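Working notes for the structure below.
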Amino acid sequence: MMTGMINNIFFIIFPIVLYQMMAGAGKRNFFVDYRITMTILFSISIILCMVFPYQFLTDEYIFDLRQVPMIVGALYGGPVISAVLFLVSAIGRILIGGDGMYIAILNQFIIAAGVPFIRPAYIRMGRGMKVATVFIISILSLLFNMFAGFLLFGDPIHDIIGIWLMLMLNQGLLIVLTALLIEHIVRQELLLNTLMKHEKLESVSHFAAAVSHELRNPMQSIKGFIQLMQAYDYSRDKQLEFHETILSEINAAEGLIDDYLIYAKPVYGELDRMSVNDEVCGVMKLLRPYANSLDVELFCHPAETDIYIRGDRQKFRQAMVNIIRNGVESMPNGGDVIARIKVQPAKVAVEVADRGVGMTKEEVERLGEPYFSNKIKGTGLGMMVTYSVIHQMKGTIIVNSEKGLGTVFKLVFPRLD
């Protein structure tokens, strides 16, 4: 008996556990999401329960738990699902045959036809009321079987009442546990969705605060110069000087907005086949005058053969500029920044190493976050954009750093043949 009962319980619980494993974020309507898959799984549960029944207390009674997935499917899936599950159970019961076949089919029909009417009210119930509802439905279903057996086969109720009470307790407890498990899954999904929504709102809030803070400086400068030109009659040369300053501040504001847009929703031009050697060493050459002004030497060690990746050339250069500039600026007393291109099976790695101030483990973990920077006047936009660009190119970033010893950025990309 115990083996058969455990098998039936497994047949019922397995689809629910499988649902939890495959359900993604936002899927909190049990049975409605993945409707076809769940219907198939519950149909299999019903068939397996009927194929592997178990004897209960006496050899005269063979019992199974097919009503549990039928009731649960009707309550959470609706009338269409209920009809499908009824057809599966009815066909299966006809194929099995034996005494009580018509009673079983009639009972299943009543469940399939009646329970979906309760569904709208059931969905709005609290967890306690839902548990009580499924328990009552299960008991009423078994009571129907008991009285139908008495009327059709003359089974004396006083002789079988003990067996049926045990059956009611058995099935009732299992359907309660099943409902609790489903409600737990639904609640976890609801909490996850709420957390995701909260994180999105928090991110938007931080972005708004960061943008407003960073834009305020150029806007105040522009406002100040315009007020000066309105209040005083400056010479033409002085006005042109003010105009140049205003245009410079506007360009700075536009650059800031572009950085945020690249992070929030990168827009790529044509994806080119790029030579990693040419692009990385080209950026190093471009930044060499700037690095020399800070007493920093730049060295590029290309791969022995040309290695190609695919991406937006301009965005890739921007990402490399951000990484190399950070390396240069991390060495206030001068030093070397070395870039190496290494070939890996099906991949290519670009390593940029410096001997700068380095970072702690906590600082490394926060790299790429909005408004986080190790620089006094930094906004964190540079690394934020860099991480976004590299990820959009299907690349990965690995950062190894130690305080006082320097940092190594390792960028790994899929390699083109």
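The values are calculated or read from the model by the stated rules, or taken from the named source; none is laboratory data. Bear in mind that the values here come from a model prediction, so they are computed numbers and not experimental data. Cβ placement follows ideal geometry from the backbone for every residue including glycine, while neighbour counts extend to all protein chains displayed. Just so you know, the surface numbers come from the protein's heavy atoms only, side chains and all, with ligands and any DNA or RNA stripped out. Shrake-Rupley method; radii C 1.70, N 1.55, O 1.52, S 1.80 Å.
Residue pairs whose Cβ atoms lie under 6 Å apart, separated by 6 or more positions or on different chains, with the first residue in the stretch 294-315 and without any contact (Cβ under 8 Å) to a residue 40 or more places away in the chain and the second of a type in the set (Ser, Thr, Tyr) and surrounded by 13 or more Cβ atoms within 10 Å (Cβ to Cβ), are Asp306/Ser275.
Set side by side, the residues Leu75, Leu65, Leu41 differ, and just one is part of a loop (DSSP other than H, G, I, E, B) and in contact (Cβ under 8 Å) with a residue 24 or more places away in the chain, which is Leu65. Checking each residue in the stretch 202-217 for being at pLDDT 70 or above and either over 18 Å from Gly382 (Cα atoms) or loosely packed, with under 11 Cβ neighbours inside 10 Å (or both) picks out only Arg216. Pairs are defined by a Cβ separation below 8 Å, a sequence spacing of at least 6 or placement on different chains, a first member in the stretch 399-417 that is in contact (Cβ under 8 Å) with a residue 60 or more places away in the chain and part of a strand (DSSP E or B), and a second member that is open to solvent by less than 50 Å² (accessible area, probe 1.4 Å) and hydroxyl-bearing (Ser, Thr, Tyr); the pairs so defined are Gly406/Ser330; Thr407/Ser330; Thr407/Ser401. Here Tyr290 does not fit the description of being modelled with pLDDT under 90, part of a helix (DSSP H, G or I) and either open to solvent by less than 30 Å² (accessible area, probe 1.4 Å) or closer than 18 Å to Ser388 by Cβ (or both). Restricting attention to the stretch 220-260, the residues that are open to solvent by 60 Å² or more (accessible area, probe 1.4 Å) and either charged (D, E, K, R) or at pLDDT 80 or above (or both) total 23. Is there a residue in the stretch 90-104 that is touching a residue at least 12 places away in the same chain (Cβ under 8 Å), under 35 Å from the mean Cα position of the chain (by Cα) and not in a helix (DSSP H, G or I)? No, the stretch 90-104 contains no residue that is touching a residue at least 12 places away in the same chain (Cβ under 8 Å), under 35 Å from the mean Cα position of the chain (by Cα) and not in a helix (DSSP H, G or I). For the stretch 225-245, enumerate the residues that are touching a residue at least 12 places away in the same chain (Cβ under 8 Å) and under 52 Å from the mean Cα position of the chain (by Cα). Phe225, Ile226, Phe242, Thr245 - these are the residues of the stretch 225-245 that are touching a residue at least 12 places away in the same chain (Cβ under 8 Å) and under 52 Å from the mean Cα position of the chain (by Cα).
Of a type in the set (A, V, I, L, M), at pLDDT 90 or above and open to solvent by 80 Å² or more (accessible area, probe 1.4 Å): does that describe Leu106? No.
Candidates are the residues of the stretch 295-343 that are touching a helix residue (DSSP H, G or I) at 6+ places or on another chain (Cβ under 7 Å) and assigned to a loop (DSSP other than H, G, I, E, B); the one that is farthest from Gly358 (Cα to Cα) is Asp306. Among the residues making up the stretch 311-362, those that are basic (Lys, Arg), at pLDDT below 90 and more than 13 Å from Met284 (Cα to Cα) are Arg313, Lys315, Lys361.
Of the set (1) part of a helix (DSSP H, G or I); (2) modelled with pLDDT under 90, all apply to Asp59 but (1).
Take Val80 and tell me if it is in a helix (DSSP H, G or I), on the phi < 0 side of the Ramachandran plot and either surrounded by 13 or more Cβ atoms within 10 Å (Cβ to Cβ) or more than 40 Å from the chain's Cα centre (by Cα) (or both). For Val80, the condition - in a helix (DSSP H, G or I), on the phi < 0 side of the Ramachandran plot and either surrounded by 13 or more Cβ atoms within 10 Å (Cβ to Cβ) or more than 40 Å from the chain's Cα centre (by Cα) (or both) - is not met. Out of Thr37, Thr3, one residue alone is over 33 Å from the mean Cα position of the chain (by Cα) and either over 23 Å from Ile139 (Cβ atoms) or at pLDDT below 80 (or both). It is Thr3.
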